[in-house]
Amino acid sequence: MLRFYVVNYMQRRDIIALLGGVSSWPFLAHAQQKAMPVIGFLGAAFPAVPTGQENPAEAGFLDGLAKSGYVKGKNLVIEYRTAEGHYDRLPALADDLVRRQVAVIVAIPLPSALAAKQATKTIPIVFWVGADPIKYRLVASLSHPGGNATGISGLAVGLIAKRLELLHELVPKASLIALLANPSNPSVSSQSEEAKEAARTLGQPIEIVQASTAAEIDAAFASLTERRVGGLSVGADGFFYNARWQIVDLAARHAVPVIYESREFVEAGGLASYGTNLRDSYRQLGHLTGKVLDGAKPADLPVMQPTNFELVVNRKTADALGLTIPPSILARVDEVIE
């Protein structure tokens with residue numbers, strides 16, 4: 001026997017509302033899932049490595065993030081922007097990341113940090129710079145940054161005096177030394193002034209030579225030979241780091257003893273380096289970025305500074321230059337590359 005049920009208007013409306021609610025459950029559940037945060041990585045020139053070799057900077061950064069619970073491709077997206085050594089492109093790249101509404105901008109080195117700071121006052125910025133971040137108004141103070149930026153001050157510029165001191169020990173009879181600086185780098189004047197002051201303290205004449213292209217690096221080394229420069233310190237700069245094979249080759253060809261900012265130059269055949277470990281620095285950067293992703297405000301996160309510096313010497317290169325590594329350096333060296 002067939003039975004017929006009459007559903008009144010009020011019941012029909014309730015049933016439709018219920019069915020509509022059921023159909024929307026998957027969409028509500030999806031909307032409630034936390035979207036993966038996006039890091040905007042702004043680089044003046046990403047650290048170059050030989051084909052097939054691990055990039056120590058990237059490996060260190062990702063390791064620092066992982067230790068904070070963030071894994072690229074799993075619960076984190078990273079969008080890379082690089083000026084490829086053309087610092088004038090950085091403002092447009094920074095603006096692009098702001099339009100992308102990334103969760104945080106990681107800016108390396110100083111030119112990138114300045115471009116990011118100019119582009120946004122609200123998106124958190126985590127920087128790695130070799131200069132004084134207070135001087136360039138990235139932060140109000142190291143202990144209380146006070147704005148939307150914090151990071152690591154690698155003291156690369158502050159180490160110029162130490163490198164010149166080590167260079168003086170390596171080539172004590174040099175009548176003239178030089179500093180190679182990139183005029184496109186905002187810290188070029190600071191680097192030059194510190195080098196001149198250090199040279200005065202050592203009682204050592206010094207020349208400042210500049211280069212911002214591969215051709216200008218070639219010309220700079222040609223001028224060193226003409227001026228009979230007995231030793232060179234290469235300024236901290238991303239462009240020079242990526243041009244390290246060219247610089248090391250020219251140093252060997254012109255028989256110029258050179259000291260650099262990082263061990264990668266020495267591994268490429270350079271004479272000596274003194275500075276922070278690139279992998280460790282970027283690991284700290286990744287850890288600090290993780291804190292910001294967790295909700296910490298840059299204004300409340302003190303700027304970090306390295307406490308460990310490594311001295312690396314290449315004995316084979318020293319022998320080729322006819323140099324004897326003095327006991328004063330061997331007593332302090334962290335590693336001798338044979």
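What to note about this one:
- Residue identified as surrounded by fewer than 19 Cβ atoms within 10 Å (Cβ to Cβ), within 17 Å of the chain's Cα centre (by Cα) and not β-branched (Val, Ile, Thr) among Tyr87, Tyr136: Tyr136
- Yes/no for Arg81 being among the charged types (D, E, K, R) and touching a Leu at 6+ places or on another chain (Cβ under 7 Å): yes
- Among the residues of region 71-125, those identified as of a type in the set (A, V, I, L, M, F, W, C) and in contact with a Ser or Thr (Cβ under 8 Å, 6 or more places away or on another chain) are Ala83, Leu90, Leu93, Ala94, Val98, Val104, Ile105, Val106, Leu110, Ile125.
- Residue list for region 266-295, restricted to those being within 19 Å of Gly158 (Cα to Cα) and over 16 Å from the mean Cα position of the chain (by Cα): Ala272, Ser273, Tyr274
- Residue match in region 206-215 (condition: surrounded by fewer than 24 Cβ atoms within 10 Å (Cβ to Cβ), without any contact (Cβ under 8 Å) to a residue 12 or more places away in the chain, among the polar types (S, T, N, Q) and in contact with a helix residue (DSSP H, G or I) (Cβ under 9 Å, 6 or more places away or on another chain)): yes
- Members of region 67-94 found to be of a type in the set (A, V, I, L, M) and closer than 13 Å to Ile39 by Cβ, listed by number: Val71, Leu76, Val77, Ile78
- Selected residue [outside the structural domain of Phe240 (by TED's automatic domain parsing), more than 15 Å from Gly290 (Cα to Cα) and crowded, with 22+ Cβ neighbours inside 10 Å] from Ala92, Ala45: Ala45
- Among the numbered conditions (1) out of contact with any strand residue (DSSP E or B) (no Cβ under 9 Å at 6 or more places or on another chain); (2) within 13 Å of Ile39 (Cα to Cα), the only one that Leu97 does not meet is (1).
- Taking residues in region 165-184 that are at pLDDT 95 or above, and partners anywhere that are loosely packed, with under 15 Cβ neighbours inside 10 Å and small (Gly, Ala, Ser), the pairs with Cβ atoms closer than 8 Å and at least 6 places apart or on different chains are Glu169/Ser328.
- Scan region 225-253 for residues that are more than 25 Å from Glu84 (Cβ to Cβ) and modelled with pLDDT under 95 and the total you get is 4.
- Of the strands (runs of 3 or more DSSP E) lying entirely inside region 220-338, those containing at least 2 residues that are not aliphatic (A, V, I, L, M) span 231-234, 272-275, 310-314.
- Answer residue from region 281-314, given it is surrounded by 15 or more Cβ atoms within 10 Å (Cβ to Cβ) and among the polar types (S, T, N, Q) and is modelled with the lowest pLDDT among those: Ser281
- A single entry from Ser262, Ser273 fulfils the requirement of being without any contact (Cβ under 8 Å) to a residue 24 or more places away in the chain and under 20 Å from Leu179 (Cα atoms): Ser262.
- Output for region 32-45, where each listed residue is without any contact (Cβ under 8 Å) to a residue 60 or more places away in the chain and not charged (D, E, K, R): Gln32, Gln33, Ala35, Met36
- Against the conditions (1) farther than 22 Å from Pro109 by Cα; (2) in a helix (DSSP H, G or I); (3) not aliphatic (A, V, I, L, M), Glu194 satisfies every one except (1).
The values are calculated or read from the model by the stated rules, or taken from the named source; none is laboratory data. Everything quoted here is computed from the prediction, not taken from an experiment. Counting neighbours? That spans all protein chains shown, and the Cβs are built from the backbone with ideal geometry, glycine included.
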